[in-house]
Amino acid sequence: MSTTTRAAHADITTPEDLAALLDQRDYLADDGVATACFLALRMGRPLFLEGDAGVGKTELAKALAGALGGPFIRLQCYEGIDAAQALYDWDYPRQLLHLRAAQVAGAADTAQLESGLYDRRFLLARPLLRALEAGDGARGVLLIDEIDRADDEFEAFLLEFLSDFTISIPELGTVRATTPPVVVLTSNRTREVHDALKRRCLYHWMAHPEFDREAAIIRRRLPEATSRLVEEVTAAVQQLRDPVDPGADLLKPPGIAESIDWTAALMALGARELSPENAARTLGALVKHREDHESVSRRLSALLNGHEATR
Amino acid sequence: MASTLQPREVTETMLGFVRTLRAAGVAADTGRAQAFFAALDTLDVTDPARVYWAGRVTLCSAAADLEHYDACFAHYFSAHPFRSGRSPAPFAVSRPAVWPAAGRRDSGGDVAAEEHAAAASDVEVLRSRDIATLTVEERAEVARLLAALATHRPRRRTRRTAPARHGRLDRARTIRASLAHGGEPLRLLRRDRATRPRRVVLLVDISGSMSPYADALLRLAHALARGHPGSTEVFSVGTRLTRLSREMRLRDPDAALRAAGSAIPDWSGGTRLGTELKEFLDSHGQRGMARGALVLIASDGWERGDVSLLGAQMARLGRLAYRVVWVNPHKAQPGYQPLAAGMRAALPHIDDFVSGHSLDALERLATVVTGGRADRAREGAPRA
């Protein structure tokens, strides 16, 4: 496996190479992210990402797929997800039609009927099977999003899939990946994911970016925004996230997704800089709880002035 | 595990680092160490930042590990410098803040100072307690509770479906059954949404004023956790929030209580109920643990901090949880009035208010947990 990996990614020899490729996809990776992805690629291990909502876990998987030039396949987990929704399902209506057609044609051989019934054309590929079949040439990225939402039975089932990248379909045989996809798992920690699953993965905790990187990300996403607006937005958001700041005790501190949204909302109002008035009007793009809304609008001018003082 | 690509001394230095990490409590087992060495083979080992990140993604497996990892890394590699020649300067990697919810209280010097000013008794008493002694009668009581709790619990519908008499057509089973009749679907089989036990989250106050009851309450927690290990979460609340779910999963109650005893750093200290509840909701509850769950809070409501915070957090919890049950051992005393300020602030947001002063009372509590609102009329419901 490692030889094919190396052949396909001969141009990625250091984490910096990967960071540059991600950069072309408008994802500004820091040192940790670049190293984690590089190792996941090199060692052929799944990458287990944790971090607050909105730090860019899903975006990273998308950008990685773009950087590798392979397909991006996403499996959104939810409670009650089972093999039929993750792996494959048989197309029962078509099978029924097939049975009827066989009956009309006068076939009575049960064995033959059954083998005809479980043909590849009646198989509906779900994300995991698609990820195995898609890896043709370029490596794809399989995102298993919010694994903590799935039941623990599903985790146990994933273990088998992640260790050898094969799916055995009793009626058809075993499907094996020619080039195994890069697997990215994300979790929001609503429950503790089982150790056995984590042991197979590389673990990376994604923190919120520091000032310069966040400003660069916003600038990259919204090139039309004035640099003054970007800096003021970043300073305000960073202050809201600051754990030491006693006033900024928010239920949900804004992520990067929110700061981009907020900047976009301010731009839609034609703002070239942050003022208490336009900030108050667009606050709904930044904080999404009534309590947070109240606490931020109460100290809005202090938030903006604090930035003025530090500049 | 030894790498063939690295010089011997590099391998030995890195092995020493893994050992240090293990000693610090990070579960870096052989598999993880192997991954670490495999990662080093693909990277430039003379670059401290590379080694830092390679170790972090391979050896750590939870956000809680990162703090230990950072400390070990700084300490170990200051004693074993990188032999690169080009970076002899002491190693410094800009370490991003990890897990702000947990760090909020500890890192904020000003915040901590304020809290100490507000409540002199808030001093953390960091000592462990031996709670291994259980009498024979107590064991029997636990067994009885276990039997009562293991079977019943309020249930909820899931999205998972199971074969049933009514509901959607189960095409897979119908087809499979039809093969026995030459492809004729004689019987239409169906499936419907199944039910599951609801999650129970138990917050046990182990502060000084609750110490006579803490053992019994933890035993109740163990009984609940053993009954439904997958859907029970236990936390201790004092001056620190400690997750005990893992300890409570041990089969033997003695072993579980011993493990809990050594895991809890703040036995019989003060109470910061509002702050703790906020931390629980921030780092666990709001993300999903409290959603639709039955939340049990075992505390006397002696809040020395700001009571309005407790009220606000209880309101938040009330909106998230299926039901909130407050267990107050002092409630059993004759002529009890909820005079503790914290208790008064919490009352409007509680569904069931019960006492938990004795094992009998705990058993009554168990019926509230398992059978719903059986005791409401007798105990008196605070919320109409």
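Bear in mind that the values in this text are calculations on the coordinates, not laboratory data. Predicted model, so just to flag it, every value in this text is computed and none were measured. Don't worry about glycine lacking a Cβ; one is built from the backbone with ideal geometry, like all the others, and counts go over all protein chains shown.
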Got a sec to turn the phi values of the stretch B:196-202 into Karplus ³J(HN,Hα) couplings, 6.51 cos²θ - 1.76 cosθ + 1.60 with θ = phi - 60°, whole Hz, x for Gly and Pro?
-> 9, x, 5, 6, 10, 10, 10
Here, residue A:83 and residue B:337, labelled 7 Å along Cα→Cβ, have an inter-label distance in nm of 6.4 nm
Expected sort for A:260, A:169 with the fewest Cβ neighbours (10 Å cutoff) up front is A:169, A:260
Per-peptide average of other Cβ atoms within 10 Å, ordering A:56-65, B:157-166, B:187-196, B:209-218 highest first = A:56-65, B:209-218, B:187-196, B:157-166
So for A:37, A:201, fewest C-beta neighbours within 10 Å to most, what's the order?
-> A:201, A:37
Long-range amide H partners of residue B:161 with built H, under 5 Å | B:194
Which whole-angstrom value gives the distance between the alpha carbon centres of the stretch B:286-314 and the stretch A:50-85?
-> 34 Å
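Once you have the Cα-Cα distance between residue A:166 and residue A:195, take 0.36 nm times their residue separation minus that, and quote the gain in nm to one decimal.
Value of the extension gain: 8.3 nm.
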Distance in Å, no decimals, from the C-alpha centre of the stretch A:164-183 to the one of the stretch B:225-269 is 41 Å
Once the Cα gyration tensor of the stretch A:15-91 is found, what semi-axes does its equivalent ellipsoid get, as square roots of 5 times the eigenvalues, in whole Å, sorted largest first?
-> 27, 14, 12
Among A:302, A:250, A:284, the residue whose Cα sits farthest towards the positive end of the charge dipole of the stretch A:211-310 (+1 at Cβ of Lys and Arg, -1 at Cβ of Asp and Glu, taken about the Cα centre) is A:284
To the nearest whole number, what is the average tally of beta carbon atoms from other chains within 10 Å of the beta carbons of peptide A:93-104?
-> 2
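Multiplying the sequence separation of residue B:194 and residue B:30 by 0.36 nm and subtracting their Cα-Cα distance, what value in nm do you get?
Length gained, residue B:194 through residue B:30: 55.0 nm.
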Flagged as over-length at 24 Å C-alpha distance, from A:62/A:198; A:288/B:278; A:198/B:278; A:252/B:278; A:252/B:331, the pairs are A:198/B:278; A:252/B:331
Taking only Cα atoms and a 10 Å spring cutoff, compute GNM fluctuations for chain A and point out the largest among A:134, A:268, A:36.
-> A:268
Per residue of the stretch B:211-223, in order, report the coupling 6.51 cos²θ - 1.76 cosθ + 1.60 (Karplus, θ = phi - 60°) as ³J(HN,Hα) in whole Hz, putting x for Gly and Pro.
-> 4, x, 9, 4, 4, 4, 5, 5, 5, 4, 4, 5, 4
List B:78, B:355 from most exposed to least, where exposure is judged by having the fewest other Cβ atoms within 10 Å.
-> B:78, B:355
Please give, to one decimal in nm, the separation of the simple spin-label points placed at residue B:78 and residue B:186, each 7 Å out from Cα toward the Cβ.
-> 8.0 nm
Listed residues A:97, A:172, A:41; largest mean-square fluctuation, Gaussian network over chain A with Cα springs below 10 Å, found at A:97
Chain A - percent relative contact order, Cα under 8 Å, separation 6 or more | 20 percent
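How big is the Cα convex hull of chain A in projection, averaged over all directions, in nm²?
20.4 nm²
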Once you charge only the Cβ atoms, +1 for Lys and Arg and -1 for Asp and Glu, what is the size of the charge dipole of the stretch A:211-310 about its Cα centre, to the nearest 20 debye?
-> 260 debye
When the gyration tensor of the stretch A:158-311 is built from Cα positions, what are the square roots of 5 times its three eigenvalues, in whole Å, from largest to smallest?
-> 42, 18, 14
